[in-house]
1. Would you check which residues across segment 106-130 are closer than 18 Å to residue 75 by Cβ and either assigned to a loop (DSSP other than H, G, I, E, B) or of a type in the set (Asp, Glu) (or both) and list them?
2. Go through segment 1-89 and tell me which helices (runs of 4 or more DSSP H), entirely inside it, have 3 or more residues that are surrounded by 12 or more Cβ atoms within 10 Å (Cβ to Cβ), modelled with pLDDT of 95 or more and among the polar types (S, T, N, Q).
3. Can you name every residue in segment 137-150 that is in contact (Cβ under 8 Å) with a residue 60 or more places away in the chain, more than 27 Å from residue 62 (Cβ to Cβ) and in a loop (DSSP other than H, G, I, E, B)?
4. Among the residues of segment 21-44, write down those that are aliphatic (A, V, I, L, M) and farther than 16 Å from residue 84 by Cβ.
5. Give me the pairs, please: first residue somewhere in segment 110-136 and loosely packed, with under 11 Cβ neighbours inside 10 Å, second residue anywhere and of a type in the set (Gly, Ala, Ser) and not in a strand (DSSP E or B), beta-carbon distance under 8 Å, and either six or more positions apart or on two chains.
6. Just give me the residues in segment 137-150 being surrounded by 14 or more Cβ atoms within 10 Å (Cβ to Cβ) and not hydrophobic (A, V, I, L, M, F, W, C), in sequence order.
7. Do we have any residue at all in segment 57-75 that's under 30 Å from residue 22 (Cβ atoms) and hydrophobic (A, V, I, L, M, F, W, C)?
Amino acid sequence: MKSIQIMSCLIAIAFLQTSATAKPEFWTSPEMSELGFPFSQTARVGDTLYLSGVIGTKPGKAEVAEGGIEGETRAAMEQIQTILAAHDAGLTNLAKCTVFLADMSEWPAFNAVYAGYFEAGKFPARSALGVNGLALDARLEIECIADLSK
């Protein structure tokens, strides 16, 4: 718990330092804009990119991907890659991810898919929480912070 508090403080300090010199730039893909959700997919402040929570949906639709936790994890990670690519970045730019799971017993199955998207030993910092209810009755949601400095 103490490490989560320290990480939260460090993120807040970094945001405050960056926000003093840069204003947020908001971005949403045309496909997501068509769905009419009231949020931006990303907010960029300086070299820090904040990704809104991503659930594993079918591309361009407000429908959860098939295949249970594995299918939803793959769909969410593919969306995250697409979002990062729109900012000339990739998974190696991720500094921190927060994972929300509807059922913590699915943690091992989630991890098996998630780990396959990263080079061994080069995972972003991560927190995971069990939650009661996600949008569209999804099994997971992943939000991330990326460093876009070169």
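The values are calculated or read from the model by the stated rules, or taken from the named source; none is laboratory data. Quantities reported herein were computed from a predicted structural model and do not represent experimental measurements. Reconstructed Cβ throughout: ideal geometry from the backbone, glycine too, with neighbour counts over all protein chains shown.
1. Correct list: 106, 116, 117, 118.
2. 68-85
3. Kept after step one, since they are in contact (Cβ under 8 Å) with a residue 60 or more places away in the chain, are these residues of segment 137-150: 137-149.
So of that shortlist, the ones also more than 27 Å from residue 62 (Cβ to Cβ) come out as 147-149.
Within segment 137-150, 148, 149 meet the criteria.
4. Keep residues of segment 21-44 that are aliphatic (A, V, I, L, M), which gives 22, 32, 35, 43.
Scanning segment 21-44 gives 22, 35.
5. Matching pairs, first to second residue: 132/102; 133/102.
6. So the first thing to find is which residues in segment 137-150 are surrounded by 14 or more Cβ atoms within 10 Å (Cβ to Cβ), and the list is 138-148.
The answer is 139, 141, 143, 147.
7. No.
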